[in-house]
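Just so it is clear, none of the values below were taken in a lab; they were calculated from the coordinates. Here the structure is a predicted model, which means the values were calculated and not measured. For neighbour counting, all protein chains shown are included, and Cβ atoms are generated from backbone atoms with ideal geometry for every residue, glycine included.
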Amino acid sequence: MLLYVLGTSQDAGYPQAGCKGMCCKVAWDRPELKRLPASIAIINQKDQKYWLIDITPEIKTQIRMIDSFNCSLAGIFITHAHIGHYMGLINLGLEVMNLKEIPVHVMPKMKDFIIHNTLLNQLVKNNNIKLSLISENVEVNINNNFIIRAFNVPHRNELSETVGYRINGKQKSAIYIPDIDSWRGFEENLFKLINKNDILFLDGTFYKKSEITKRDISKIPHPEIIDTMKILSGLSDDAKKKIHFIHLNHTNDAIREGSQAYNTIIDSGFLVSREHQSFNLS
């Protein structure tokens, strides 16, 4: 059982549409710096199946990334109703892949959001997807291949609840929290998750909030990486290496390997997620 990183950036990818700032100019000029929206795949090569956690607007590229595994899509788990995490669903419909009865595992408000969305509900009516309701802290056993459990995290829940996921393989486990407003009030849970799991993908949207100059940061809250590293500074070296920052905004210098921000993270003992990374959970 493999975890495979399909994307590491915030919902809109890197470079971001309409961005003419220096943060994106370098990526417009150098396509190899492009980064896709955050998503991971759970791959079972034995059964030739894979599952997605979040399905992004760049799903066609992300599916190509794992073509070599010769596996078919068996299901999708969605964290919340912000565009980078569910909009790839439209590619499952009649006009594109026209898949049938793909299980889409969602929390109650996310289910209601899909049902009441005219575009997405067509996928339900046409049997492209089959909505499967999940509950907080209730384990879902997927064909005895792995166990996955959703847990609520505080985030902007104007459209749905927001969850993180714990993925249990036979030997190792991983945590996926691409979006959270703040670690404040969640710190005890965070340390427990670090102690009990082997790999943690944590919200790294902003390196520091001062990078946002044209929007009201209070309306798009996320923890700063520099603050997260401060909170976790007392961890052992081995524990720090469990942490992989993901969901990096286009303004976040750490999105570019070798930048000062990136190097500071690495020098502090933490890691930044990379596309095509794989982790064996067996």
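Report the full-extension gain for the segment residue 29 to residue 184: residue separation times 0.36 nm, less the Cα-Cα distance, to one decimal in nm.
52.0 nm
Nearest-5 percent of antiparallel DSSP beta bridges in the range 2-280?
50
Picking from 154, 57, 37, which is most flexible by a Gaussian network model of the chain using Cα springs under 10 Å?
Comparing 154, 57, 37 in the GNM, the peak value goes to 154.
Which Cys in the chain stand alone, with every other cysteine's Cβ at 4.7 Å or more from theirs?
23, 71, each lacking another Cys Cβ under 4.7 Å.
Contour minus end-to-end for residue 96 and residue 212, with contour as 0.36 nm per residue of separation and end-to-end as the Cα-Cα distance?
That pair, residue 96 and residue 212, stretches by 38.1 nm at full extension.
List every residue whose amide H lies under 5 Å from the amide H of residue 54, counting only residues 5 or more places away in sequence or on a different chain, with H placed 1.01 Å from N in the peptide plane.
The answer is 77, 78, 79.
Counting other Cβ atoms within 10 Å of each Cβ, which trypsin sites (Lys or Arg not before Pro) in the range 157-246 have at most 16 and sit in a DSSP loop?
Answer by residue number: 170, 172, 184, 208, 214, 215, 241.
Pairs of Cα atoms under 8 Å, at least six residues apart: use those to get the relative contact order of the range 2-280, whole percent.
About 18 percent, as a whole number.
The range 1-49 to the range 59-79: how many Å between their Cα centroids?
If we compute the Cα centre of each part, the gap is 13 Å.
Quickly estimate the mean residue ellipticity at 222 nm for the chain, helices only: each DSSP H run with n ≥ 4 gives -39500 (n - 2.57), and the total goes over all residues, rounded to 500.
-5500 deg cm²/dmol
Counting other Cβ atoms within 10 Å of each Cβ, which GluC sites (Glu not before Pro) in the range 125-213 have at most 14 and sit in a DSSP loop?
136, 139, 158
Residue by residue through the range 52-62, what is 3J(HN,Hα) from phi via Karplus (6.51 cos²θ - 1.76 cosθ + 1.60, θ = phi - 60°)? Round to whole Hz and write x for glycine and proline.
In residue order, the calculated couplings are 9, 9, 6, 10, 8, x, 9, 4, 5, 6, 5 Hz.
For the range 143-158, in order, what is each residue's ³J(HN,Hα) by Karplus, 6.51 cos²θ - 1.76 cosθ + 1.60 with θ = phi - 60°, in whole Hz (x at glycine and Pro)?
6, 6, 8, 7, 10, 10, 9, 8, 9, 5, 10, x, 8, 5, 9, 5
For the range 251-262, in order, what is each residue's ³J(HN,Hα) by Karplus, 6.51 cos²θ - 1.76 cosθ + 1.60 with θ = phi - 60°, in whole Hz (x at glycine and Pro)?
In residue order, the calculated couplings are 7, 7, 4, 5, 5, 9, 4, x, 5, 4, 5, 4 Hz.
Using only Cα atoms, locate the centre of the range 231-261 and the centre of the range 176-208, then give the distance between them in Å, rounded to an integer.
12
DSSP loop trypsin sites (Lys or Arg not before Pro) in the range 8-109 with at most 12 other Cβ atoms within 10 Å of their Cβ, which ones?
20, 46, 100
Given a 10 angstrom Cα cut-off, can you work out which residue in 84, 185, 269 is the most mobile in a GNM of the chain?
Most flexible of the set in this elastic network: 185.
Using a Gaussian network model on the chain with a 10 Å cutoff between Cα atoms, which of 253, 203, 29 fluctuates the most?
29
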